[in-house]
Amino acid sequence: MFRRKAKQTVENDNVNVTPGNSLKKLGKKAGTAAAVIVLILLAVYIAVGSVYSLKENEYAVVTTFGVPKIVEEPGIHVKVPVVQLLNKVPKTINGFPVGYGGESEEYMEAESFMITRDYNFVNVDFYVEYRVTDPVKYLYASEDPIGILKMLTQSYIRDTIGLYDVDSVITTGKSEIQSSIKEKIMTRLETEDIGIQLVNITIQDAEPPTTEVIDAFKNVENAKQGKETSINRANQKRNEDIPAARAEADETIKMANAEAEERINEAKGQVARLNELYNEYVKYPLVTKQRMFYETMEEILPDMKVIIQNGDGTTQTLLPLEEFSSVNVETENTDNDEEAAE
């Protein structure tokens, strides 16, 4: 009896311990372990993200929901991860070259090639030093404060070099040029207010460019001058032709107006004469007809050869009286000349 009960107990235990139950237990244990690992990693991330160190030559700008705050004291500091963002800005003096490639020391013609006051060419290299004075403005007042400083520097360098002759740029005028450029840049940076200050700007090297560069530049300048000359000639021609054409047009209009006025006045005079003649004709029709006939004959006959036919079939020619008058005048003049000669 006892052996039978023990056998049944062993069989029941064997029935409860199955492969499925073992996997479930292992899954629960693995999930618990993974959760613990995630919590540990999250705690480590929070701990690491909450603590940051600040060196003596650095600024820290901590932004909380878009509001920046400057931290200057060196040492260990704490911030809230995700909520607070950290940006470090150096306090040290930094710099960049203008006209050459920094450590490679390769010339950059686009930056170093310049024209002096006496229209000579020169390659001038500069080195610019600056430092950050306001880290918040440095980070947020402009997108690229160093790029702005570099563009301002190149602009004022070209303007200033153009005020000096080539000898001053290469030899004796370097200090004066540096001081002038520095003053202009510092004044402009105060206006821009982007959180950086110019410390110094120095001329590293100044020398004439290569012959190939000079020739190429001269070709470009000659082409520009030729273009400007052509434009100036065209403008001069236009300035001469347009006033002349306008004057001619005005003169033509004036002449046309004068001729129109003259013809109108003439027509008015003819109308007045015809009206007067008509009035006379109404009063004395016969006399008016005779007078008009005689006036017409006086205008026509002096220049015409008149032939009168007689009743017997013969003709009689009457020449214009003016021809006889001119012949008589010439005869009298000839006689007077002969008498004067005698």
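Here are the numbers:
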read-out: Exposure proxy ranking, count of Cβ atoms within 10 Å, fewest first, for Tyr278, Tyr156, Tyr127; value: Tyr278, Tyr127, Tyr156
read-out: Gain on full stretching of the segment that runs from Val51 to Ala35 - 0.36 nm per residue minus C-alpha separation; value: 3.3 nm
read-out: FRET efficiency for Glu280 and Ala258, using Cβ-Cβ distance with R0 set to 22 Å, rounded to 0.05; value: 0.10
read-out: Among the listed pairs Lys55/Lys79; Lys137/Lys184; Lys91/Lys150; Lys174/Lys218; Lys79/Lys137; Lys69/Lys182, those beyond 24 Å (Cα-Cα); value: Lys174/Lys218; Lys69/Lys182
read-out: Full-stretch length increase - Arg233, Val80 - with 0.36 nm per residue and alpha-carbon distance subtracted; value: 47.8 nm
read-out: Efficiency of FRET between Thr296 and Asn265 - r from beta-carbon atoms, R0 22 angstrom, step 0.05; value: 0.35
read-out: 3J(HN,Hα) from dihedral phi, segment 73-86, Karplus parametrisation 6.51/-1.76/1.60, rounded to Hz, x for glycine, proline; value: 6, x, x, 8, 10, 10, 9, 8, x, 6, 6, 10, 10, 10
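None of the figures in this text is laboratory data; all of them are computed from the coordinates on show. Just so it is clear, the model here is predicted, and its values are computed rather than measured. Cβ atoms come from the backbone with ideal geometry, glycine included; neighbour counts cover every protein chain shown.
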